[in-house]
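Just below is one structure, and these are the notes that go with it.
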Amino acid sequence: RYVWLYNHHIPQKALGHVPPIEAMKRWYKEKPELFIKVPRNRPGPDNYVKREDVAGTLYESHFTWQIRTFWWSLLWAVLGFITLFIGVGAVILIAAAIWSLYRLVKGLLYWNDRKPMPV
């Protein structure tokens with residue numbers, strides 16, 4: 001249990017109370033020679049790029065879940081904005097926002113429990 005807590009929970013005080021990616025960016029600016037790659041925060045494109053790296057793991061289903069959530073949310077948002085002027089668009093946008101929030105929370109809960117997504 002101790003090893004899991006140590007490896008999976010970085011105290012925010014140790015990072016200067018900033019998110020881990022921001023701390024890595026700051027460290028990269030100070031000492032770039034310690035890094036092989038430039039730290040970037042690109043969660044969307046990374047799902048496509050890193051999909052092969054997680055094949056066969058529980059994260060593969062999470063990547064698929066995130067990709068589908070993005071594209072369906074985009075589709076419903078565009079449809080909502082197109083139909084906004086006739087009044088039905090507001091309902092579509094609200095429904096899309098609730099659906100996206102549901103998918104986000106469900107994905108986080110499954111990820112926290114280390115369970116694959118039902119895709």
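The values are calculated or read from the model by the stated rules, or taken from the named source; none is laboratory data. Computed from a predicted model, the values in this text were never measured in an experiment. Ideal geometry is used to build each Cβ from the backbone, glycine not excepted, and the neighbour counts take in all protein chains shown. Heads up: the accessible areas ignore ligands, DNA and RNA and are worked out on the full protein's heavy atoms, side chains in. Shrake-Rupley method; radii C 1.70, N 1.55, O 1.52, S 1.80 Å.
When we screen GLY80, GLY87, GLY56 for residues that are among the small types (Gly, Ala, Ser) and open to solvent by 70 Å² or more (accessible area, probe 1.4 Å), the only hit is GLY56. Of TYR28, TYR59, all but one fail to be more than 15 Å from MET117 (Cβ to Cβ) and of a type in the set (Ser, Thr, Tyr); the exception is TYR28. Across the range 90-119, the qualifying residues are those that are of a type in the set (Phe, Trp, Tyr) and out of contact with any His (no Cβ under 7 Å at 6 or more places or on another chain), and the one among them that is least open to solvent (accessible area, probe 1.4 Å) is TYR110.
Taking the range 33-119 and the helices (runs of 4 or more DSSP H) fully enclosed by it, the elements with 1 or more residues that are free of Cβ contacts under 8 Å to residues at least 60 places away in the same chain and over 25 Å from PRO19 (Cα atoms) are at 58-82, 88-112.
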